[in-house]
């Protein structure tokens with residue numbers, strides 16, 4: 001179907017196989033604006049969340065932090081992004097395990113149907129952000145990609161899914 005970006009009015013073809021049951025969330029290749037497309041072709045603008053609302057919705061999307069190695073219960077203030085508490089491989093396994101507990105095999109099914117990013121793109125981007133938060137901003141994403149490949153058989157491309165380097 002042909003869609004028009006509500007941000008810059010660029011028109012392009014959105015292949016039907018990229019549409020999930022509820023449509024698709026799309027990033028315009030021209031202006032990088034994000035918008036939604038319903039299965040009937042209706043385009044809706046998706047407002048970028050304010051930092052406060054982004055933080056408010058994270059607990060529903062992001063898994064809880066892993067328990068620290070030291071004795072005592074995990075406390076949110078114990079986790080500091082500059083000082084990771086676990087090896088990147090362990091962080092990746094924990095995060096993918098927590099997502100798998102909620103999602104089951106749905107990511108694998110979506111991947112096999114060619115709908116991984118239309119159905120799971122936002123969740124995978126959040127997973128990557130949480131991995132970087134817990135493992136450190138400079139952590140290589142290879143352990144996270146390996147954990148996803150091990151759990152669901154999905155080979156993700158190298159690089160940052162948000163289009164950023166580092």
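The numbers here are math on the coordinates, done by the rules we state, and not lab data. Nothing here was measured: the structure is a model prediction, and the numbers come from that model.
A full extension of the chain between residue 12 and residue 106 corresponds to an added length of 31.0 nm, given 0.36 nm per residue minus the alpha carbon distance. Stretching the chain fully between residue 4 and residue 44 yields a gain of 13.4 nm (0.36 nm per residue, less the alpha carbon separation). Were the residues from residue 129 through residue 142 laid out at 0.36 nm apart, the gain over their Cα-Cα distance would be 3.3 nm.
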